[in-house]
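Visitor: Below is a structure I'd like to ask you about.
Computed from the coordinates by the stated procedures, all read-outs in this text should not be read as laboratory data. Because the structure is predicted, anything quoted here is derived from the model rather than measured. Note: ideal-geometry Cβ built from the backbone for every residue, glycine included; neighbour counts use all protein chains shown.
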Amino acid sequence: MAKQSHTHAQWSSRTAFVLAATGSAVGLGNIWKFPYMVGDSGGAVFVLVYLVCIALIGLPILVSEWLLGRRGQSNPINTMQKLGRDSKLSPDWVLVGIAGVLGSFLILSFYSVVGGWSLNYTWSTLTGDLGQSSGVSVGDYFTTLLGQPGTLLFWHTLFMLVTFGIVAGGVKGGLERAAKWLMPLLIVALVVLIGFGMSTSGFGQAAEFMFSPDWSKLNGGVILAALGHAFFTLSLGMGIMMAYGSYLGQEVDLIKTARTVVILDTVIALGAGMAIFPVVFANGLDPSAGPGLLFVTLPLAFIDMPWGLAFGTIFFALLTVAAVTSAISLLEPVTEFLEERTPLSRVASAFVAALATWALGIAALLAFNVWSGFQPFGFNVFDLLDALTSKLMLPLTGLAAIVFTAWFLDSEGVKQELGLGPKGRVLWHYVSRYVAPIGVVVVFFNSL
Ligand code: TRP
């Protein structure tokens, strides 16, 4: 993506855009977070509510964010300022853009800690440390890691440095082209793991857990978690998709493109679940183990497989790449904000943004050890950052984006821009004006 100049640059092709958007969407949210949330929230009930949220709320909001970005032709803050002014509305819509910058910063701080876990696992499967040569059993590896703030800090720092290097060096395009090959490989790796899962005794139970709902588990908390995750996994609500949309040409079909990105993202998340849960049940583990689920279970599969550790290295390396392509999309808004609003250069802005995020990340990683007793509002710092963003900021800013698009922009122009047929117009009208916004509001207030 070229730096914005007087004439705003555009994507070289629709493919380049799809890759960047998918690179941002597909990440730890799909492979690490989704399965553990499914486990925490009672299995299939969560999966079904999540799918409904993706289709009825996530997809229309993704389309709205791209559309706003394409109309504003600038970063989210300027875009909201400009569109608000053009539509003779209050300049306060700019708050949506500002919330996006702040939210990206908060998310990246704990995201980088998990990216660090992924890097650590890439290394320790490569060296064999995870295969018991360190004297720690595979089952205890993760707990031991969490108890070592210095080690966590080392890998968190490394992850942040890589992210910083890419954003500062402006080499995101190269990474996105690489992701074109690596993303399919990640899918292949998941398929191999699902195949392995089929050979275990836990597969049937896993399928039932993920797809056969126990409705007694349904409650407001589960629905809010599913809604928040729909935003998180599609990178919504932080202005990131808006920023990407600002580089889009008029000829791109937003709805079709959104469908592609959403389907890819969802398939990868479901695949991750079907890779992890058979191992959980075959080993008699607890599906609601929380944020460590992926890191505790998959190594058990790797030590049982032929060439398992080598395969584990490949898997965690691919996971790390997916995490980095998402992380750069989180560092970018903060960097751009500093670059535009302060005298700092591009590199200095990226550095300050990365440094601040890194510092907050330290508080997140200490939550697992030294500061585990510090629990404001009943959450440790890591969970607090997650809950504050996914359950509060993302839904509210996403809501603002769709309300603005559906209620305040010229609706005839929007329908034309989306290239909707007669049925599509009716559907868009009801979904964007009523279903999606009311859905967010109801879920939100219901669970408060
Ligand atoms: N969607 C990414 C994932 O699933 C994380 C992410 C990147 C994100 N950019 C975002 C989440 C913006 C919320 C908002 O891993």
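Visitor: When all alpha-carbon pairs of segment 53-137 are counted, what percent fall beyond 23 Å?
Guide: On the way: 1821 of 3570 pairs.
Summing the P(r) of segment 53-137 above 23 Å gives 51 percent of all pairs.
Visitor: Given the C-alpha atoms of segment 28-69, compute the convex hull and give its volume per residue in Å³.
Guide: Measuring per residue, one finds 65 Å³ for the Cα hull of segment 28-69.
Visitor: Suppose we look only past 22 Å in the calculated P(r) of segment 101-216. What percent of the Cα-Cα pairs does that tail hold? The partial results should precede the final answer.
Guide: Values: 3806 of 6670 pairs.
In whole percent, the share of Cα-Cα pairs in segment 101-216 beyond 22 Å is 57.
Visitor: Okay, moving on. Scattering from the C-alpha atoms of segment 157-201 alone, worked out with Debye: what is log10 I(q)/I(0) at q = 0.30 1/Å?
Guide: Each listed q corresponds, in turn, to -0.96.
Visitor: Same structure, new question: Taking the Cα atoms only, what angle lies between the long axis of helix 76-86 and the longest principal axis of the chain, rounded to 10 degrees?
Guide: Orientation of helix 76-86: about 20 degrees from the principal axis.
Visitor: Let me ask something else about it. Binning every alpha carbon pair distance of segment 279-401 at 10 Å from zero, what are the percents per bin?
Guide: In order of increasing distance, the bins hold 11, 25, 34, 22, 7, 1 percent.
Visitor: Quick one: helix 308-341 against the long Cα principal axis of the chain, what's the angle to the nearest 10°, folded into 0 to 90?
Guide: Around 30 degrees separate the two axes.
Visitor: Can you pick out the pairs among K33/K180; K33/K217; K391/K423; K180/K217 whose Cα atoms lie more than 28 Å from each other?
Guide: K391/K423; K180/K217
Visitor: Oh, and also: Return a whole-number percent for the relative contact order of segment 26-447, with Cα pairs under 8 Å and 6 or more residues apart as the contact set.
Guide: 35 percent
Visitor: If you take the Cα Rg of segment 212-300 and divide it by 2.2 N^0.38 Å, with N the number of residues, what do you get?
Guide: 1.42
Visitor: Determine the gain in length on full extension of the stretch A356-D140; use 0.36 nm per residue of separation and subtract their C-alpha separation, reporting nm with one decimal.
Guide: So the chain would gain 74.6 nm between A356 and D140.
Visitor: Using Cα pairs closer than 8 Å and at least 6 residues apart in sequence, work out the relative contact order for segment 258-396, in percent. Mind showing how you got there, number by number?
Guide: On the way: 57 pairs, mean separation 12.9, N = 139.
So the answer I get is 9 percent.
Visitor: Need one number: the % of Cα-Cα pairs in the chain sitting beyond the 42 Å mark.
Guide: 11 percent
Visitor: Let me ask another. Between Q205 and S87, what FRET efficiency comes out of the Förster formula 1/(1 + (r/R0)^6) with R0 = 51 Å and r the beta carbon distance, rounded to 0.05?
Guide: Plugging the Cβ-Cβ distance into 1/(1 + (r/R0)^6) gives 0.45.
Visitor: What does the charge count around N78 come to, taking other residues whose C-beta lies under 13 Å from its C-beta (Lys +1, Arg +1, Asp -1, Glu -1)? Please list the in-between numbers first.
Guide: Values: positive: R71, K82, R85, R341; negative: D86, E336, E339, E340.
Result for the local shell: 0.
Visitor: Now a separate question. Taking just the alpha-carbon atoms of segment 158-274, what radius of gyration and Dmax come out, in angstrom?
Guide: 18.3, 52
Visitor: Let me ask you something else. Place the peptides 52-63, 428-439, 110-121 in order of packing, highest mean first, counting for every residue the other Cβ atoms within 10 Å and averaging per peptide.
Guide: 110-121, 52-63, 428-439
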